[in-house]
Amino acid sequence: MPNVNMTSGKTRRAEVAGGGFAGLTAAIALKQSGWDVTLHEKGPELRAFGAGIYLWYNGLRVLEGLGALEEVLEGSHTPPTYETWMHNKSVSKETFNGLPWRVMTRSHLHTALANRVRALGIEIRVNSEAVSADPEGRLTLQTGETIEADLIVGADGVGSKVRDSIGFEQDRWDSTDGIIRLIVPRKKQELGHGEWDNTIDMWNFWPRVQRILYSPCNDDELYLGLMAPAADPRGSRVPLDLEVWVEMFPFLEPCLVEAAKLKSARYDRYATTRLDSWTRGKVALVGDAAHAMCPALAQGAGCAMVNAFSLAQELETASSVEDAIVDWEKRIRPITDRCQALSGDYAANRSLSKGNMFTPAALEAARYDPLRRVYSWPQ
Ligand code: FAD
Ligand code: 5PR
């Protein structure tokens, strides 16, 4: 296909603010379709924050489109089943009708994307904090420098300055529950008998609400999500209150002992952000800047990646950036909106504790193939 971005002999330029999964995806996808791209990360280096992450078919297809899938598959894991326990009894084992899914550490995914950014020669500017954007196509940095571009991508996370400098109307709220997320050594030999390669979502409502989402990432690393209501001082304490977690999950003691050693542990409440629009003029918001969601369906990053990838797709055939990004939002946003709503509902009602909750509606976003723009994997 001819390079349609070369209108009047000039390559179009994009400034991307934020080097998380959304910003990396946008930068790679735009570069691959012929744009000049500069990626701004406010931190001193490109690196991942947080513990583990699930990607489903939608996110894995984006990785395929970005040329990063192989590297991500190496060193990540698809558990034999997604199991749910209630009070230590298995209530469901789900395999999603063969729908591809994968568990990995965040640093593993981030490294693969950052490697692809470097391989493509995308300009990376670290210690580069965006403070505001202008719908006319200007990005202003903390240093006072203002850069003009054909497209500004706000991928600067839930506290987005790109977004807030423009003044999108938004609803934001926090959930009653939150989670401590950690990566610890697997300690598989020490866990005794059990199907420890599975994802196991272990719920307990009595004597307290405490849950552990047990997620093996590979042979060596285990992602633990320890959930408790924000109002529970012991369950939400960091570093971990070992006694209160071992009392409820004695069979995980070897892993919990490791978890309690991690002094940098954080307890995070789930945050939701809903905007009136994701675009203004030449500015497009992607990822948590646009649609932070509860993690119940494990789709925040997956939707972010699909949306960032689809943005570049939409711009390939369009002559006006302003029109293309309006069309992009119209086309792709409904999937994210439904996913965000259902994730919020599941989180508020702790619905995943019932097991068998990955219904066709719950897997809608996961089944979307952004490369072919169709739903795959019949349920
Ligand atoms: P971020 O990851 O926040 O990245 C923003 C980047 O921008 C950072 O590098 C930051 O340093 C940088 N930055 C910030 N401000 C500026 C600025 N002003 N200028 C320049 N740079 C800036 N999603 C899934 O798909 N699967 C899961 O299993 C999953 N589990 C989750 C579990 C929990 C408990 C939670 C809370 C979320 C989970 N998510 C999951 C959601 C997922 O983590 C987020 O949706 C995703 O990481 C958002 O990516 P992002 O790039 O938009 O934002
Ligand atoms: N699923 C996943 C997850 O990471 C979380 C939840 C569900 C993969 C939070 O860590 O329900 O909170 C959830």
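The values are calculated or read from the model by the stated rules, or taken from the named source; none is laboratory data. This structure is a prediction, so every number in the text was calculated from the model and none was measured. No Cβ is skipped: glycine too gets one built from the backbone with ideal geometry, and neighbour counts run over all protein chains shown. Please note that ligands, DNA and RNA were not included when accessible areas were found on the heavy atoms of the full protein model with its side chains. Shrake-Rupley method; radii C 1.70, N 1.55, O 1.52, S 1.80 Å.
How big is the range 173-269 along each principal axis, measuring the range of its Cα positions in Å and listing the largest first?
Here the spans come out as 38, 28, 25 Å, largest first.
Under a 5 Å amide H to amide H cut-off, with H placed in plane at 1.01 Å, what residues pair with E129 once short-range neighbours are removed?
Distant-sequence amide H within range of E129: Q142, T143.
By what distance, in whole Å, do the Cα atoms of the range 282-339 stretch along each of the three principal axes, largest value first?
Extents along the principal axes: 38, 16, 15 Å.
Compute the angle between helix 106-119 and the longest alpha-carbon principal axis of the chain, please, reported from 0 to 90 degrees and rounded to the nearest 10.
Helix 106-119 sits roughly 20 degrees off the main axis of the chain.
Among A271, L224, L191, whose Cα sits farthest toward the positive end of the charge dipole of the chain (+1 at Cβ of Lys/Arg, -1 at Cβ of Asp/Glu, about the Cα centre)?
Checking the options against the dipole of the chain, the answer is L191.
Pull up the cross-link candidates among the lysines for K31, meaning alpha carbon to alpha carbon under 19 Å and not fewer than 8 places away within one chain.
K10, K282
Run through every distinct alpha carbon pair of the range 106-164 and return the Kirkwood hydrodynamic radius in angstroms, one decimal place.
This gives a value of 12.9 Å.
Only Lys, Arg, Asp and Glu count, each charged at its Cβ (+1, +1, -1, -1), so figure out the dipole size of the chain about its Cα centre, rounded to 20 debye.
With Lys and Arg at +1 and Asp and Glu at -1, about 300 debye.
Would you please calculate the Kirkwood hydrodynamic radius of the chain over all C-alpha pairs and express it in Å, rounded to one decimal?
Averaging 1/r across every pair of different Cα atoms and inverting gives 21.3 Å.
Would you mind working out the magnitude of the charge dipole of the range 173-269 relative to its Cα centre, with +1 at each Lys and Arg C-beta and -1 at each Asp and Glu C-beta, to the nearest 20 Debye?
320 debye
If the cut-off is 24 Å between C-alpha atoms, which lysines fall inside it for K261, apart from same-chain ones fewer than 8 positions away?
Here the lysines satisfying the reach criterion relative to K261 are K187, K188.
Of all beta bridges DSSP finds with both residues in the chain, what is the antiparallel percent, to the nearest 5?
70 percent
Heads up, I need the accessible area for T317: 1.4 angstrom probe, whole protein in place, Å², nearest 10.
Per-residue accessible area (T317): approximately 120 Å².
For the chain, take the longest principal axis of its alpha carbons; what is the angle in degrees between that and the long axis of helix 57-66, to the nearest 10 within 0 to 90?
So the inclination is approximately 40 degrees.
Provide the convex hull volume over Cα atoms per residue for the range 129-205, in Å³.
Dividing the Cα hull volume of the range 129-205 by its residues yields 190 Å³.
How high is the relative contact order of the chain, in percent, counting Cα pairs under 8 Å that sit 6 or more residues apart?
22 percent
Output needed for the range 235-379: three equivalent-ellipsoid semi-axes, defined as square roots of 5 times the C-alpha gyration tensor eigenvalues, in descending order, whole Å.
Ellipsoid semi-axes (Å, largest first): 37, 18, 13.
On C-alpha positions alone, give me the angle between the axis of helix 300-316 and the longest principal axis of the chain, in degrees, nearest 10.
Compared with the principal axis, the helix lies near 20 degrees.
With a 1.4 Å probe and every protein chain left in place, tell me how much accessible area E71 has, in Å² to the nearest 10.
Rounded to the nearest 10, that gives 80 Å².
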